[in-house]
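Down below is the structure, laid out as structure tokens.
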Amino acid sequence: MTRPLDGITVISLEHAIAAPFCTRQLADLGARVIKVERPEVGDFARAYDGRVGGEASHFVWVNRSKESLTLDLKQPAALAVLQELVADADVLVQNLAPGAAARMGLGAEALQAKHPRLIVCDISGYGEDGPYRDKKAYDLLIQSEAGFLSVTGTPEDPCKSGNSIADIAAGMYAYTGILAALLQRGKTGKGSHIDVSMLESLAEWMGYPMYYAYEGAPPPPRSAASHATIYPYGPFPAGDGGTVMLGLQNEREWRAFCEKVLLQAGLASDARFDSNARRNEHREALRAIIVESFGALSTAQVLERLDAAQIANARMNDMAGLWSHPQLQARDRWRQVGSPAGDIPALLPAGRQSAFDYRMDAIPAVGEHTEAILRGLGRSDADIAALREARAV
């Protein structure tokens, strides 16, 4: 079955999460992604942990369906191999240290002078210019700079996201930027340069709290897992030790919640709680009432009442609950993909497609495809042996 990016070749000088997440999604759509890694050790994310049969959890998530080519780009012979690959590629993605690609002659301006159809996507912490250009940028640092930590956590303590949200944001904008550039090239015949900043990516996702604090207004308070300004909207304990997440959006739902969930219809007109603003003002008193009511019920019983009242709700799952989630099972969202540790389960990309099947191929071992790629460039056995002898590959 034809996929949208069949025939597109992507070369990626990538490590960690942002660029690999971008290129894995391009591979999901059929692109050939050649991942350039350091000889022997590879992408340093391979060594983050060994939780997946000896493979790293971060790495297996963002590196399926790729080819691994090892090159020591400090050696001219290895750099020549890369330049030869780039000459026939459609896209180059890199998230090396600031300025590193340009120093190797792999900056967008130099490459596009030779290859005008090439799309070059640079991913960095702060972008290619400005006073922060050369600062090191890790996910937690960008969460801090983008103000994410200031609105996440409890009133006492800020809290970072439990996943790599700044990397994910940058990877998503790089991915969609490349798709847009491919469409644009189809119209103009010319490639483009995409400069993706982690800071700008996460800042875009901070739009609501930024505007809430417009012109110096107080920002949303940190309110743990509860909503900062709508109440009740957040987690509540059930009598069996489970946690139920629920959210009310309007006064009709508030009345239904009182009548059908709390079984206290009169509470709806209590002067402390008869508008969202007053419920938010008196949230501790209302929380005590809700907790007392839920304390006599199991998690399943609370969810049943909330469903009957058509109140939005969710069970607060842990990772085991997500692995076994009945909705993912019912929609057949799991596939098996190969890896150096053997077959492992992997989620299909979000968005079920009727026109094509996503590519779900193996996660490569370090340098697994080096010899095949070199032979594809016309290198002989003697050439490959010489490159190995010099530890250029």
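Compute log10 of I(q)/I(0) for the range 113-189 with the Debye formula, placing one identical point scatterer on every Cα and leaving out solvent, at q = 0.12, 0.24, 0.26 Å⁻¹, to two decimals.
So the normalised log intensities work out to -0.49, -1.11, -1.18.
Rg(Cα) of the chain divided by 2.2 N^0.38 Å?
1.20
Enter the angle in degrees (range 0 to 90, nearest 10) between the Cα long axis of helix 299-308 and the first principal axis of the Cα atoms of the chain, meaning the one along which they spread out most.
80 degrees
State, in angstrom, two size descriptors of the range 1-160 derived from its alpha carbons: Rg to one decimal place and Dmax to the nearest whole number.
17.3, 56
Take the chain, connect every pair of alpha-carbon atoms lying under 10 Å apart with a spring to form a Gaussian network, then pick out the residue of 293, 197, 68 with the largest mean-square fluctuation.
Judging by the Gaussian network model, the answer is 293.
Mind ranking 72, 6 by accessible surface for me, highest first, 1.4 Å probe?
Largest accessible area first, the residues go 6, 72.
So what's the range 235-393 giving for Cα Rg divided by 2.2 N^0.38 Å, two decimals?
Scaled against compact globular proteins, the figure is 1.82.
Tell me what the chain gives for mean residue ellipticity at 222 nm when only DSSP H runs of n ≥ 4 count, each as -39,500 (n - 2.57), the sum divided by the residue total, rounded to 500 deg cm²/dmol.
The per-residue figure over the chain is -10500 deg cm²/dmol.
Pick out which of 355, 180, 169 has the largest mean-square fluctuation in a Gaussian network model of the chain, springs linking Cα atoms closer than 10 Å.
For the chain, modelled as a Gaussian network with Cα springs under 10 Å, the answer is 355.
Round to the nearest 10 and give me the degree value, 0 to 90, for the angle of helix 165-188's Cα axis relative to the longest principal axis of the chain.
Value to nearest ten degrees: 60.
Which of 227, 282, 58 ends up with the largest GNM mean-square fluctuation for the chain, with Cα atoms connected below 10 Å?
Greatest mean-square fluctuation among the candidates belongs to 282.
Under 22 Å between alpha carbons, and skipping anything fewer than 8 positions from residue 136 in its own chain: which lysines qualify?
Output for residue 136: 74, 160.
Over all directions, what mean area does the Cα convex hull of the range 258-325 project, stated in square nanometres?
Hull-based average projected area comes out at 5.5 nm².
Under a straight-distance cross-link criterion of Cα-Cα below 25 Å, which lysines are reachable from residue 187, leaving out those fewer than 8 residues away in the same chain?
Cα-Cα hits under 25 Å: 114.
If ligands, DNA and RNA are left out, what is the accessible area of residue 136 with a 1.4 Å probe, given in Å² to the nearest 10?
For residue 136, the solvent-accessible surface is approximately 150 Å².
With a 1.4 Å probe and every protein chain kept in, tell me what percent of the accessible surface of the chain is carbon plus sulfur.
Carbon and sulfur together cover 53 percent of it.
Compute the helix-to-body angle for 76-87: its Cα long axis versus the longest principal axis of the chain, expressed 0 to 90° and rounded to tens.
70 degrees
On average, how much accessible surface per residue is there in the chain, in Å², for a 1.4 Å probe, leaving out ligands, DNA and RNA?
Here the residues of the chain average 50 Å² of exposed surface.
The values are calculated or read from the model by the stated rules, or taken from the named source; none is laboratory data. Predicted model, so just to flag it, every value in this text is computed and none were measured. Heavy atoms of the whole protein, side chains included, go into the accessibility calculation; ligands, DNA and RNA do not. Shrake-Rupley method; radii C 1.70, N 1.55, O 1.52, S 1.80 Å.
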